[in-house]
Amino acid sequence: MKASLEELVGREDVRLLFAMLGEENIRLVGGAVRDVLLELEVGDIDVASRLSPDEVIARLVREGVRVVPTGLAHGTVSAWVGGTRFEITQLRRDEETDGRHARIKAIDDWDEDAARRDFTVNALYLDGKGVLHDPLDGAADLRAGRVRFIGESRERIKEDYLRILRFFRFTAGYGGAHPDAEGLSACEELRGGLSRISGERIDEEVSRILMLPRGGNALEWMESCGVLKECLGDVRLERYKALIEIESSLGLESDAGLRLGILLRDENAARDVSERLRFSRAYTRRLAVMFSAMLSNVPSGLEVRSLLYRYGRASARDILLLSWSNGAARDNVKEWKKALEGLEGEIPDFPLTGSMVMDLGVGEGELVGRVLSRVESRWISGGFEGDSDWAVRCAREEIASLGV
């Protein structure tokens, strides 16, 4: 829900957490505070704590709160109070970093904890009395539409190279028309460090960028400094822009998986990126189907039914949207819309089975498959017309033609 800072700390779940852990020990931090200042809805809430994770767990468990040690290596536990998830992290500084992981040390200084964070807009703290603590002028940056690294941009990135992608995501989400010049320069210079980051983390960040209202802007900035190529190789940004227009004009629900796939150049590129970013087998197969069946023009009604039959509703939709975004008769909006509407029809059910073929005297093996394939081709080319009696007659004809 939308709220003021005072309303946020006045919420029952937030008041309960402050009461259980002590107002002097915790402050709300980062996203929830930032979103309230921007008059956005608040979801999960991050909390900075002077208490150790063991102390947090002990106090909350005594109160019957569910607590999960989601990140003890970083001093983090998650707790659910009144249906809200709170991620509670002990104040810390990074003692040693390698661009992926950090060795941390617990501290008792709010400003020092702020100084080790990534962006000024994430170093905003709210205490139990509703007082905003802003040691790095993050609120002013929010008002100015400016996302900037805390301290020296290159040093912040070297601590965790994923911050390169976070820079573009936060700038698209909270920044102005152009990225911070120093931050952009640092991202360009250090983009090679993304090779140290796991594919899963890169995939997660890129997918979040793709779903932003200004995701296209972020991709353009990333492309301009070589970051997008570092992540996805050569891409087809014009396809992504076309898909956004299509989604908007038809009121289609956005799909991060489709948006990512449409960016990739072709089936070979999709295979390479799948391996590098460690996509799931299911998503890798989804990409393979999309590209292997991409169309060069608006399909006829029969072709739409063929896609529906061969690939199922979800994959057929992928194929149509990829083909449309790729430029195939892109201006024929009415025809493409009709093709998409055709996917709502019933999926044809092939009226012949292997056992029916064997009942005609054909033994198990390759021959059964050949008969099925030939009859299926006749059934599809005939507009999916024909019941089981028709199919059996066709099977007899094919068996005879094969000399069985």
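The values are calculated or read from the model by the stated rules, or taken from the named source; none is laboratory data. None of the values given here were measured: they were computed from a predicted structure. Cβ coordinates were reconstructed from backbone atoms using ideal geometry, including for glycine residues, and neighbour counts include every protein chain displayed. Side chains are part of the model used for accessible areas, which takes the heavy atoms of the whole protein and leaves out ligands, DNA and RNA. Shrake-Rupley method; radii C 1.70, N 1.55, O 1.52, S 1.80 Å.
Please report the antiparallel percentage of the DSSP beta bridges confined to the chain, to the nearest 5.
80 percent
Could you please report the charge total around ALA314, scoring K, R as +1 and D, E as -1 over all other residues with beta-carbon less than 14 angstrom from its beta-carbon?
+1
How many nm separate the modelled label positions at ARG154 and LEU402, each set 7 Å beyond the Cα in the direction of the Cβ?
7.0 nm
On a straight-distance basis, which lysines could pair with LYS105 in a cross-link, Cα separation under 21 angstrom, same-chain partners fewer than 8 positions away excluded?
Result set, ordered by chain and number: LYS158.
Using only helices, what value at 222 nm comes out for the chain when you add -39,500 (n - 2.57) per DSSP H run of length 4 or more and divide by the total residues, to the nearest 500 deg cm²/dmol?
Per the formula, -16000 deg cm²/dmol.
Based on the Cβ-Cβ distance from ARG103 to GLU41, what FRET efficiency comes out when R0 is 35 Å, to the nearest 0.05?
After rounding to 0.05, the efficiency reads 0.45.
In nm, give the distance between the simple-model label positions of ASP272 and ALA181, each being 7 Å from the Cα along the Cα-to-Cβ direction.
3.4 nm
Return the FRET efficiency for the residue pair MET211, ARG62: r is the Cβ-Cβ distance, R0 is 45 Å, and the value is rounded to the nearest 0.05.
About 0.65, to the nearest 0.05.
Relative contact order of the chain, please, whole-number percent, based on alpha carbon pairs below 8 angstrom and at least 6 residues apart.
9 percent
For the pair ARG281/GLU245, report the inter-label distance in nm, with labels modelled 7 Å from Cα in the Cβ direction.
4.0 nm
Measure nothing but the geometry: give the 0 to 90° angle between the long axis through the Cα atoms of 53-62 and the longest principal axis through the Cα atoms of the chain, rounded to 10°.
Helix 53-62 sits roughly 80 degrees off the main axis of the chain.
Working out 0.36 nm times the residue gap between ARG196 and HIS74, then minus their Cα-Cα distance, what length gain in nm do you get to one decimal?
42.0 nm
For GLU344 and SER4, compute 0.36 nm times the residue count separating them, minus their Cα-Cα distance, and round to one decimal in nm.
Roughly 117.9 nm would be gained on extension.
Roughly how big is the stretch 289-390's charge dipole about its Cα centre, with Cβ charges of +1 (Lys, Arg) and -1 (Asp, Glu), in debye to the nearest 20?
Result for the stretch 289-390 is approximately 500 debye, rounded to the nearest 20.
Quick check for me: using +1 on Lys/Arg Cβ and -1 on Asp/Glu Cβ, what's the dipole size of the chain about its Cα centre, in debye to the nearest 20?
My answer is approximately 580 debye.
Of ILE26, VAL273, SER49, which is farthest on the positive side of the dipole of the chain, counting Cα position, with +1 on Lys and Arg Cβ, -1 on Asp and Glu Cβ, and the Cα centre as origin?
Ranked along the dipole, the leading option is VAL273.
How large is the accessible surface per residue of the chain, computed with a 1.4 Å probe and reported in Å² as a whole number?
48 Å²
Under 18 Å from the Cα of LYS229, which lysines turn up, not counting those fewer than eight places away in the same chain?
Reachable lysines: LYS241.
Could you tell me the center-to-center distance, by alpha carbons, between the stretch 186-242 and the stretch 315-345 in angstrom?
Rounded to whole Å, the Cα centres lie 26 Å apart.
What does the charge dipole of the stretch 23-128 about its Cα centre add up to, to the nearest 20 debye, if the Cβ of each Lys and Arg holds +1 and the Cβ of each Asp and Glu holds -1?
It works out to roughly 340 debye.
Once R0 is set to 51 Å, what does the formula 1/(1 + (r/R0)^6) return for the Cβ-Cβ distance between GLU112 and ASP234, expressed as a FRET efficiency to the nearest 0.05?
0.75
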